[in-house]
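The values are calculated or read from the model by the stated rules, or taken from the named source; none is laboratory data. Here the structure is a predicted model, which is why all the values come from computation and not from measurement. FYI the Cβ positions are ideal-geometry reconstructions off the backbone, even for glycines, and counts take in every protein chain you see. We work out accessible area using only protein heavy atoms, side chains counted, and drop any ligands, DNA or RNA first. Shrake-Rupley method; radii C 1.70, N 1.55, O 1.52, S 1.80 Å.
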Amino acid sequence: MERNVGFDENSFSVLRKYEDWHWWFQYRNEMIVWMMKKFGKSSDEILEIGCGNGLVTGAIQRAFPKADITATEFLEGGLLHARARLSDVTFRQLDARDLSEDEAFDAVCAFDVLEHIDADVEVMTAIRKAMRDSQSRFYITVPQHMSLWSQADEAAKHERRYSLKEMQEKLLQSGFEIEYKTSYVFLMFPLMYASRLLNRSQAEYDSESEFKVSRFGNQLIGGIMRFEAILRNVGLPMPFGGSLVVVAKPI
């Protein structure tokens, strides 16, 4: 059966322009590192599925300097940027559906990846086999709420936006249960929702429009996201937001 590529290779260069300074990427990195430190039982061997340009890979490497990190990407375009950005990481060009390792990793990460993959349960099942033991953890971020579906999702070649129920069911089917869940972009959700509604009415869609923000706007939203992080870290429930964030453990 023909496989869906699930990503536009030209997007790697577009993302490279924004990801080192844009609030969305920077505060997502901080959240990822926080949850990996909080819920990880062991982090000697880390696998990242869909590393893209290596932005998150670098944050993980700085947070876990003694870990052996393997970062995979389906498209060579992302690996070119990632290899230029980082050393001491094992990079592999790999379709996540072909992951074949057994009991090899303490942590597996898929950050804004599963929504690009048609056979997401197949990938989750392969990831479950790659988990070393019951102490291993699977860290996930995905876009949330189909009500937010817009031209941005179509341009990004998303297969879906997840609900918590769908994620729970697919993880259970794959041999996982959810240990922790929250949302990302909780405080900004009303603005994001309004933006997506306006986006649907645009005759011509600019794929960079969601990243274009002034320096002042970036700093302002960054402050809001710092406050959101404080609320999240003290345990405030965040049932909705632009992204769903999950820590899953093997069962």
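From Cα pairs below 8 angstrom and at least 6 apart in sequence, can you work out the relative contact order of the chain, rounded to a whole percent?
On the way: 424 pairs, mean separation 55.1, N = 251.
Answer for the chain is 22 percent.
State to the nearest 20 debye the size of the charge dipole of the chain about its Cα centre, where the only charges are +1 on K and R beta carbons and -1 on D and E beta carbons.
Details: 30 positive and 37 negative charges, 204 e Å.
Using only the charged Cβ atoms, the result is roughly 980 debye.
Size of the dipole of the stretch 1-128 about the Cα centre, Lys and Arg at +1 and Asp and Glu at -1 on the beta carbon, nothing else charged, in debye to 20?
On the way: 14 positive and 24 negative charges, 135 e Å.
The calculated dipole for the stretch 1-128 is roughly 640 debye.
I'm checking a number: the convex hull volume of the Cα atoms of the stretch 165-216, normalised per residue, in Å³. What is it?
Values: hull volume 8.5 nm³, N = 52.
Dividing the Cα hull volume of the stretch 165-216 by its residue count gives 164 Å³.
So how strong a dipole does the stretch 88-183 carry about its Cα centre when Lys and Arg Cβ are +1 and Asp and Glu Cβ are -1, to the nearest 20 debye? Display every interim value, and only then the final one.
Numbers: 12 positive and 20 negative charges, 48 e Å.
The calculated dipole for the stretch 88-183 is roughly 220 debye.
Which lysines, if any, have their Cα less than 20 Å from the Cα of Lys181, not counting same-chain residues under 8 positions apart?
Lys37, Lys38, Lys41, Lys165, Lys170, Lys249
What's the center-to-center distance, using Cα atoms, between the stretch 167-193 and the stretch 5-54 in Å?
Cα centroid of the stretch 167-193 versus Cα centroid of the stretch 5-54: 17 Å apart.
Putting +1 on Lys and Arg Cβ atoms and -1 on Asp and Glu Cβ atoms, find which of Ala119, Val213, Ser42 reaches farthest to the positive end of the dipole of the chain.
Of the options given, the answer is Val213.
What do you get for trypsin sites (Lys or Arg not before Pro) in the stretch 34-141 restricted to DSSP loop and a cutoff of at most 10 other Cβ within 10 Å of the site's Cβ?
Details: sites: Lys37, Lys38, Lys41, Arg62, Lys66, Arg83, Arg85, Arg92, Arg97, Arg128, Lys129, Arg132, Arg137; in loops: Lys41, Lys66, Arg132.
Here the sparse-neighbourhood loop sites are Lys66.
What base-10 log of the normalised intensity I(q)/I(0) is obtained for the stretch 25-128 from the Debye formula, alpha carbons as equal point scatterers, at q = 0.15, 0.18, 0.22 Å⁻¹?
Relative scattering, expressed as log10 I(q)/I(0), comes to -0.57, -0.85, -1.30.
Between Asp44 and Asp8, what length comes free when the chain is fully extended (0.36 nm per residue of separation minus the Cα-Cα distance, one decimal in nm)? Can you show the working numbers first?
Details: separation 36, 0.36 × 36 = 12.96 nm, distance 3.24 nm.
Stretched fully, the Asp44-Asp8 segment lengthens by 9.7 nm.
From the alpha carbon gyration tensor of the stretch 164-251, can you work out the equivalent ellipsoid semi-axes (sqrt of 5 times each eigenvalue) and give them in Å, largest to smallest? Present the calculation step by step, with values, prior to reporting the outcome.
Working: eigenvalues 168, 74, 21 Å².
The answer is 29, 19, 10 Å, longest axis first.
What's the long-distance tail for the chain, i.e. % of Cα pairs beyond 25 Å? Show your work: numbers first, answer last.
Details: 12706 of 31375 pairs.
Tail of P(r) above 25 Å: 40 percent of Cα pairs.
How would you classify the stretch 206-251 from its alpha-carbon gyration tensor, with a ≥ b ≥ c the square roots of the eigenvalues: rounded for a/c under 1.5, else prolate if a/b is greater than b/c, otherwise oblate? Working shown, then result.
Working: a/c = 3.33, a/b = 1.58, b/c = 2.11.
Oblate, since a/c reaches 1.5 and b/c is not below a/b.
Considering only protein heavy atoms, with the full assembly of protein chains and a 1.4 angstrom probe, order Trp149, Trp21 by accessible area, largest first. Before the final figure, lay out the partial values.
On the way: Trp149 60, Trp21 110 Å².
Final ranking, largest accessible area leading: Trp21, Trp149.
Computed FRET efficiency, Cβ-Cβ of Ile230 and Leu191, R0 22 Å: what is it to the nearest 0.05? Write down the numbers at each step before the final one.
Numbers: r = 19 Å, r/R0 = 0.88.
Efficiency for this residue pair is about 0.70.
With all protein chains present, how much of the accessible area of the chain (probe radius 1.4 Å) comes from carbon and sulfur, to the nearest whole percent? The partial results should precede the final answer.
Values: 6240 of 11830 Å².
Answer for the chain: carbon and sulfur cover 53 percent of the accessible area.
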